[in-house]
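This report concerns only the one structure given below.
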Amino acid sequence: MRCIIVDDEPIAREGIEKLVEQIPPLVLLKTFNNAKSAAAFMQEKEVDLVFLDIQMPGTNGLEFARSIPKHTLIIFTTAYSEYALDSYEVDAIDYLVKPINPIKFKKAVDKAIHYHSLLLEEEKKNIENIEEDHIYVKSDRRFFRVNLKDILFIESLKDYAIIHLEGQEVITRMTIKNIHELLPKNIFLRINRSFIINRSKIDSFSNNDVFIGKHEIAIGNLYREDFFQTIMGK
């Protein structure tokens with residue numbers, strides 16, 4: 001998986017580079033100290049994954065992320081935790097706060113590798129229809145039924161939606177906005193720009209997060225009031 005590092009701090013670049021070297025599927029193409037140079041490089045070379053800082057001189061990481069090709073995945077690496085919710089706007093795979101924990105780094109990369117493989121296979125799968133209690137997913141010229149009650153949550157990835165089931169993910173070429181409009185609102189609830197959850201699958205929640213199994217999903221500021229009114233009735 002071809003990757004680049006974009007960070008204006010030399011020590012940070014070196015640290016991430018060392019972490020990348022420990023994960024064989026990753027191939028580091030180059031490192032950059034600014035977004036402009038990285039953008040020029042990406043016009044010539046295909047990049048699968050970008051490790052991207054947010055606070056940089058000139059074009060910041062969030063602005064640069066909005067210009068990155070849709071097939072390129074992003075992992076933010078930053079010293080500022082307050083930008084975490086903003087990362088959902090550009091469908092970032094993960095958000096790592098410096099100093100970066102190697103275990104969390106590996107977990108984020110594993111997720112990126114997995115989602116990259118899903119993107120490569122997405123042409124084989126597509127939602128054809130949504131009924132009252134199920135959806136039909138097209139795969140290899142066949143139609144497979146997925147019961148709505150079995151869906152844990154749905155996650156945005158670029159122009160696609162990943163349907164998370166127990167032990168399985170299905171990718172479809174639909175935006176999170178479009179699939180949300182089709183799903184029954186008494187079952188599914190959008191809690192940030194990138195996630196729709198199945199209300200019946202919530203294990204617990206706090207003021208800021210929803211927990212479904214091993215998954216922790218942030219509640220966006222714009223969706224918080226609707227979430228608590230829907231769940232708590234107030």
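The values are calculated or read from the model by the stated rules, or taken from the named source; none is laboratory data. In this text the structure is predicted, and so the values were computed from the model without any measurement. We place every Cβ from the backbone using ideal geometry, glycine too, and count neighbours over all the protein chains shown. Ligands, DNA and RNA are stripped out before the accessible areas are found, and what is left, the full protein with its side chains, is counted by its heavy atoms. Shrake-Rupley method; radii C 1.70, N 1.55, O 1.52, S 1.80 Å.
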Q. With respect to Phe211, is the statement that it is closer than 26 Å to Glu132 by Cβ and not polar (S, T, N, Q) true?
A. no
Q) Based on what the data block shows, is Glu122 of a type in the set (D, E, K, R), open to solvent by less than 30 Å² (accessible area, probe 1.4 Å), more than 19 Å from Leu189 (Cα to Cα) and modelled with pLDDT under 90? A) yes
Q) Which of (1) under 14 Å from the mean Cα position of the chain (by Cα); (2) free of Cβ contacts under 8 Å to residues at least 12 places away in the same chain is the odd one out, the single condition Leu96 does not satisfy? A) (2)
Q) Restricting the search to region 199-230, which residues are farther than 23 Å from Glu89 by Cβ and in contact (Cβ under 8 Å) with a residue 40 or more places away in the chain? A) Ser200, Lys201, Gly213
Q: Mind listing just one residue for me: the one in region 40-61 that is within 15 Å of Met1 (Cα to Cα) and of a type in the set (D, E, K, R) and, of those, modelled with the highest pLDDT?
A: Asp48
Q: Just give me the residues in region 38-58 being over 25 Å from Ser81 (Cα atoms) and polar (S, T, N, Q), in sequence order.
A: Gln43
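Return the residues of region 160-184 that are among the hydrophobic types (A, V, I, L, M, F, W, C) and open to solvent by less than 50 Å² (accessible area, probe 1.4 Å); say none if nothing qualifies.
If the condition is that a residue be among the hydrophobic types (A, V, I, L, M, F, W, C) and open to solvent by less than 50 Å² (accessible area, probe 1.4 Å), then Ala161, Ile162, Ile163, Leu165, Val170, Ile171, Met174, Ile176, Ile179, Leu183 are the ones that fit.
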